[in-house]
Every structure is written in structure tokens, then in C-alpha cells.
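Worksheet: the structure to be examined is printed underneath.
The values are calculated or read from the model by the stated rules, or taken from the named source; none is laboratory data. The model shown is predicted, which means the values in this text are computed figures rather than measured ones. All Cβ positions, glycine included, derive from the backbone under ideal geometry; neighbour counts span all protein chains shown. Areas reflect the complete protein model, heavy atoms only, side chains present, ligands, DNA and RNA absent. Shrake-Rupley method; radii C 1.70, N 1.55, O 1.52, S 1.80 Å.
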Amino acid sequence: MTETTRTTRLFALLVPLFLFLYGVFRLLDGRDGHHGPGPAWNVGHAFFFAAFLLLGALVVELRGLVPTETVRRRAAAGAAMVAGVSGAGCFLWVIAGDLFPRFDDAAPLPELLELVGPLTFQLGILTLLVMLVTARRLPVRSPALVLVAFLLIAVNLDLLPVAALALMAGLAPLARSRPGSPAASANAA
């Protein structure tokens with residue numbers, strides 16, 4: 001498995017937690033039959049925003065974990081990172097618009113980016129996870145479970161808490177450091 005930094009481990013734990021909390025607050029907000037501005041909506045969206053800030057940072061961390069012994073792998077990892085970070089930025093833009101309607105009125109995300117942004121994010125992070133699998137630094141189940149999480153969200157946003165658990169399981173190998181790894185030794189110090 002892969003050796004991870006303290007930052008990577010923290011992001012791998014916090015991202016699913018924040019998405020889970022967003023899902024729970026979204027369900028609480030929707031008890032009256034609609035989702036919209038209000039305390040549960042705002043708190044949930046704050047967790048959603050924090051999750052995507054950390055997801056963007058996690059994509060950068062993943063890029064650093066991918067071995068890049070060839071120009072082709074460096075280029076692929078770099079492109080995946082750019083796709084993931086730009087997609088996370090699109091999510092953040094939309095979430096900010098949900099939290100602050102005046103922002104959305106003043107600077108709405110272009111429709112093309114609303115469509116392409118989530119796809120580039122997913123493609124970027126999944127590519128980096130698969131690259132870590134091919135380098136034998138992550139188990140195959142990691143990108144598979146992350147993909148399951150994305151599919152659950154696409155099926156129904158009410159499945160966000162379940163999707164967050166799938167994401168947590170997919171990122172779990174990144175949240176642990178191997179005994180004897182530099183990350184584990186740094187934690188012991």
C-alpha cells in the first residue's frame with residue numbers, strides 16, 4: 001500500500017465525514033418536502049463547501065503520491081490533477097452560489113462548466129486513484145468504491161450519506177499509514 005502524509009490522511013478522513021454531514025443536513029432540510037434556504041440548508045452546504053475544498057487539495061496530494069518515472073505518466077498525472085482541481089473549483093463555485101444567491105446572480109457558473117465540471121473532477125480523481133492501483137500503492141477496491149460513491153450521488157442526492165460511507169471505504173487506505181513507513185515514523189516522533 002502507499003505511504004501517505006499526515007495531510008493526506010487527514011483529508012481522506014475529513015472529506016467523507018463532511019460529505020456525510022452534508023447528506024444528513026440535506027435530509028433534515030428536506031423533511032418539509034423541499035430543499036432551500038434555511039439553517040439546515042446553510043449548515044449542510046457549509047460542510048459541502050469544506051468537503052470540496054479538501055477534495056481539491058486531496059487531488060493535489062494524490063498527484064504527489066503517483067510515481068512518475070516516465071514522461072507519459074507525469075503528463076497523465078498532471079492532467080488528472082488539473083482536471084480534478086478545476087472540477088472541484090466548479091463545484092465550489094456552484095456551492096457558493098447556493099449559499100449566496102447574490103453571488104450566483106452576479107457570477108453564475110457557465111452552463112457548459114456546470115455540466116463538464118463534475119465530470120472532470122470525477123475523471124481526475126479516479127485517474128489518479130487508478131494510477132496508484134497500477135503502481136501497486138492502492139488496492140483495486142479504492143477507485144471502485146469511489147466510483148460507487150459517485151454513482152450513488154448521481155442516482156439520488158438523498159443517498160449522500162451512503163455515498164459518503166462508500167467514499168470513506170474507498171479512501172480508507174489513504175487514511176492509514178503503513179507500520180514502518182516514513183509517515184508512521186513521523187507520527188511516532
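Here Leu129 fits the description: within 19 Å of the chain's Cα centre (by Cα) and touching a residue at least 40 places away in the same chain (Cβ under 8 Å).
Selection of the range 152-189 for residues being modelled with pLDDT under 50 and hydroxyl-bearing (Ser, Thr, Tyr) yields Ser181, Ser185.
Scanning the range 108-149 for residues that are outside any helix (DSSP H, G or I), open to solvent by 50 Å² or more (accessible area, probe 1.4 Å) and at pLDDT 95 or above returns a single hit, Val140. Could you list, in sequence order, all residues of the range 13-45 that are open to solvent by less than 40 Å² (accessible area, probe 1.4 Å) and among the small types (Gly, Ala, Ser)? Residues satisfying the conditions are Gly23, Gly30, Gly36, Gly38, Ala40, Gly44.
Residue-by-condition table, conditions (1) at pLDDT 95 or above; (2) part of a helix (DSSP H, G or I); (3) touching an Asp or Glu at 6+ places or on another chain (Cβ under 7 Å):
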| residue | (1), (2), (3) |
| --- | --- |
| Thr7 | no, yes, yes |
| Phe18 | yes, yes, no |
| Leu21 | yes, yes, no |
| Arg31 | no, yes, no |
| Val43 | yes, yes, no |
| Phe48 | yes, yes, no |
| Glu69 | no, no, no |
| Ala80 | yes, yes, no |
| Gly89 | yes, yes, no |
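Residues that are among the polar types (S, T, N, Q) and within 14 Å of the chain's Cα centre (by Cα) occur at least once in the range 8-21. Please find, within the range 128-178, the residue that is farthest from Thr5 (Cα to Cα) out of those that are among the basic types (Lys, Arg) and touching a helix residue (DSSP H, G or I) at 6+ places or on another chain (Cβ under 9 Å). Per the criteria, the residue is Arg141. Of note, Leu55 does not satisfy the criterion of being under 14 Å from the mean Cα position of the chain (by Cα), free of Cβ contacts under 8 Å to residues at least 24 places away in the same chain and within 20 Å of Val146 (Cβ to Cβ).
Taking the range 46-64 as the range and being open to solvent by less than 20 Å² (accessible area, probe 1.4 Å) and either within 23 Å of Leu113 (Cα to Cα) or in contact with a Lys or Arg (Cβ under 9 Å, 6 or more places away or on another chain) (or both) as the test, the residues that pass are Ala51, Phe52, Leu55, Gly56, Leu58, Val59.
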